[in-house]
Amino acid sequence: MYKKLMLMIRKKSIIQSYLILQIFCFVICFFITNTFAYQDTLEKVKSSGVLTWGFDAEGGAPYVFHDTKHPSKLIGFEVDLVAAIARELGVKVQHFQNEWDSILLSLQRGDFDIALNGVEITSDREQAVLFTRPYFVYAEQIVVRASDNRINCLEDLHSKRVGTLYNTVAKQILDEMGDVTVNTYSGQIEPFKDLSLSRVDAVLVDLPIASYYAVPNPQLRMAGEPVGEGYYGIAVRKEDTALADELNIIIEKILRSGELKKIYERWGVWNVSQEKLFFHEGLLQKYTEMPPSLSKKVSLRVTTFLPTLMKGALVTIGISILSMMLAVVLGLTLAIMRLYGNKWLRRVSTAYTEFYRGTPLLIQLYILYYGLPNIGITLSAFIAAILGLGMNYAAYESEIYRAGIQAIPKGQTEASLSLGMSRRLTLRRIILPQAFRIAIPPMTNDFIALFKDSSLVSVITMVELTKSYSMLAAASMNFFQLGIITALLYFGMSYPLSIYARRLEKKLKYYDRNQ
Amino acid sequence: MIEISNLFKQYGEQPLFNGLNLEVEKGNIVVLIGPSGSGKSTLLRCINGLECFQKGCISVDGQKRYGVNEQSYNKTDEDSMVKDIRRKVGMVFQQFNLFPHMTVLNNITESPVRVLGIGRAEAEATAISLLQKVHLEEKAQNYPAQLSGGEQQRVAIARALAMKPEAMLFDEPTSSLDPEMIEEVLLVIKDLVSEGMTTIIATHEMGFARDVSTHVIFLEKGNIVERGSPKKMFSNPKNKRTKIFLSRFMK
Ligand SMILES: Nc1ncnc2c1ncn2[C@@H]1O[C@H](COP(=O)(O)OP(=O)(O)OP(=O)(O)O)[C@@H](O)[C@H]1O
Ligand SMILES: [Mg+2]
């Protein structure tokens, strides 16, 4: 096998062999992480006296979130629930903060013992993990602006822009509707913010979230009855049946004792629907039989995932090209201001470059998209993404151009001026073309870097390639093959760029002084 | 044609010219000689507007450009004034300074087309005839990097001539050339001056200076130490320092 591989590597071109090696490494990692010796988790929890709980506090109120008065403290109805469970088990709780998108994956990897964070029980997820009996009955709630009376039921959402959270049943419902423009968010505050700003027409989220954020806000109102009832369950690893049994007994116990109701009432999330939790036996069948539209499996057939990835790739390409164009034009302007401008222009240019290079792109994006509305400027996500990336990279481009321009000998300017050309003409016809040639390699570098950095714009609701991948992967629980395909797509887009840049450089090389 | 009167020039605190006067008439061939650092390049660059100066006046074909400290100095007119002067005076540099990203032909046509607004076809025809004049017509489509130093300098001369200047300034045109290439460049310049082009040339080629010039000027530390006809200057210089300087070149 090894011999064969080496032979293959020798035969193929360097790139191909590099790819094969990379895949090889992936496969090895895959096996290593999957061959951990199995140990019963319930036994481990009891003997160590610690139950490790995975959740995402970014998911927010009222589930698990940071107390604004004591920011280091976590509060929420799930915090209280887990505390009750731990008490019954006679153990302590250890927190494990994990991105919600990958919470089940981390559970499978063994990062923590239970995932309890508004994880809806769906048949997709039941393929991957084991759920306890439900501990909460949720429903999806539409929220609209108080002034807007167009939307009063789910049907009214057709052809509207609707905000929701990543990887939720609400998102699935909206996707199934077909003609809804869905804006997906990873935090819970942002969709409501965009609703107030009219960037979306409605928000569809789990009822507890809706009640927590919309009820106290006079600008917003809940529209119509909750829809798409479903259940939250505690997820454990498939093999941890003993732990699941134990948890089922505990849930049953605190439900019957009324403690669960008390907890939910304390957080304002108790409603009549929760009574259904008592009809345990009937539920078991019901919650595994999701409405047919929702239980559709995300299969790994090319026809299902490739169009989604391709759409993401198109967004990535569009954003990258447009923001690079902005970066080039703005960067050149900044460089010229710095080199030829008066004292003030020079200062502005320097300050710009220092500021943009010295602050994280992520924060710049947040400020552009969520911060600017505070001073009355509301940008669309697409525009904010292009401005954010373009303005950030302009700072780097300006330094590249400045270095390129300065590398051109003074004699070139003097010869050009002595031929009667103006300073402007000299810059345009003599200096910049030569500086451009010097700038090609670093510019290519930057463009490829920007291309990859474009995945950051997913924080302002843009669904580009990386986000498409993580959504598909989380839904199908397949991070491996999809990951490789996505990586290949990125590579397939950036590699031609490198080749083109190399060709262009070669083409312009004929006039090099030291040929 | 070119008249320099009472020129004061200093770099920072370091004075170079202290009231220099020089008059070049139409058709004159003036050779500037002098040791390194004596101010030959600076003088040519002042004439061509590549350097500013503190006091005095340089007049080219009636266009007067004043030192920055003079009453008559006018900052707003400076740019267009310099531009006018540059159109009348061509300049050739020691380092050739051809544009490496353009072919020989485009090096020559660039300025006539962009600055004078001459049509491309006409500019190219002129360029080709100028290339014939410097014996390089077959290199029209080459890039500067593909030419020898001597060839590059001849292209630079053709490029300056394409602007149809009334006078030419040469700043040590052969100083960065290998010995075997010096001759070809000097021949081109000789041709040019024989047609009556007003010329100022800074050079260390004393034989050439003696053969072609009408006036020789010996410059030292920014001062004109001695001036006269080539015959007088080369055979019988009056000043001791001129004698010492020339004796080093005349074996
Ligand atoms: N940009 C500058 N800044 C400061 N001093 C300068 C500058 N250019 C020239 N000088 C000084 O001015 C003096 C005259 O220089 P210039 O180049 O005109 O001499 P040159 O006669 O052409 O010498 P060479 O024969 O070496 O070319 C020198 O002392 C030089 O150091
Ligand atoms: Mg000099």
(Q) Please count how many residues of the stretch A:378-427 are farther than 29 Å from A:Ile319 by Cβ and within 14 Å of another protein chain (Cβ to nearest Cβ). (A) 21
Q.
When you scan the stretch A:445-454, do you find a residue that is hydrophobic (A, V, I, L, M, F, W, C), within 13 Å of chain B (Cβ to nearest Cβ) and open to solvent by 30 Å² or more (accessible area, probe 1.4 Å), even just one?
A. no
Q: Kindly indicate the residue of the stretch B:155-191 that is within 16 Å of ligand 1 (Cβ to nearest atom) and closer than 26 Å to B:Gly62 by Cα and also farthest from the other protein chains (Cβ to nearest Cβ) among those meeting that condition.
A: B:Phe170
Q: Kindly indicate the residue of the stretch B:190-200 that is open to solvent by less than 60 Å² (accessible area, probe 1.4 Å) and touching a helix residue (DSSP H, G or I) at 6+ places or on another chain (Cβ under 7 Å) and also farthest from ligand 2 (Cβ to nearest atom) among those meeting that condition.
A: B:Val193
Q) Taking B:Leu98 and the conditions (1) out of contact with any Phe, Trp or Tyr (no Cβ under 8 Å at 6 or more places or on another chain); (2) outside any loop (DSSP other than H, G, I, E, B), which numbered condition does it fall short on, given that it satisfies the others? A) (2)
Q: Return the total of residues in the stretch B:79-89 being touching a strand residue (DSSP E or B) at 6+ places or on another chain (Cβ under 6 Å) and surrounded by fewer than 19 Cβ atoms within 10 Å (Cβ to Cβ).
A: 2
**Q.** Scan of the stretch A:172-206 for residues that are in a helix (DSSP H, G or I) and open to solvent by less than 30 Å² (accessible area, probe 1.4 Å), ordered by number
**A.** A:Ile173, A:Leu174, A:Pro191, A:Phe192, A:Asp194, A:Leu195
Q: Could you give me the residue pairs with C-beta distances under 6 Å whose first residue belongs to the stretch B:90-104 and is polar (S, T, N, Q), whose second residue is within 16 Å of ligand 2 (Cβ to nearest atom) wherever it lies, and which are 6+ apart or on separate chains?
A: B:Gln94/B:Asp171; B:Gln94/B:Glu172; B:Gln94/B:Ser175; B:Gln94/B:Ser176; B:Gln95/A:Gly411; B:Asn97/A:Gly411; B:Asn97/A:Ala415
Q) If we keep just the residues of the stretch B:161-176 that are open to solvent by 10 Å² or more (accessible area, probe 1.4 Å) and part of a loop (DSSP other than H, G, I, E, B), which is nearest to ligand 2 (Cβ to nearest atom)? A) B:Glu172
(Q) Looking at B:Thr76 and the list (1) exposed (fewer than 15 other Cβ atoms within 10 Å of the Cβ); (2) within 13 Å of ligand 1 (Cβ to nearest atom); (3) hydroxyl-bearing (Ser, Thr, Tyr), which single condition is not satisfied? (A) (2)
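The values are calculated or read from the model by the stated rules, or taken from the named source; none is laboratory data. Remember, it's a predicted structure, so these values are computed and weren't measured experimentally. All Cβ positions, glycine included, derive from the backbone under ideal geometry; neighbour counts span all protein chains shown. Ligands, DNA and RNA are stripped out before the accessible areas are found, and what is left, the full protein with its side chains, is counted by its heavy atoms. Shrake-Rupley method; radii C 1.70, N 1.55, O 1.52, S 1.80 Å.
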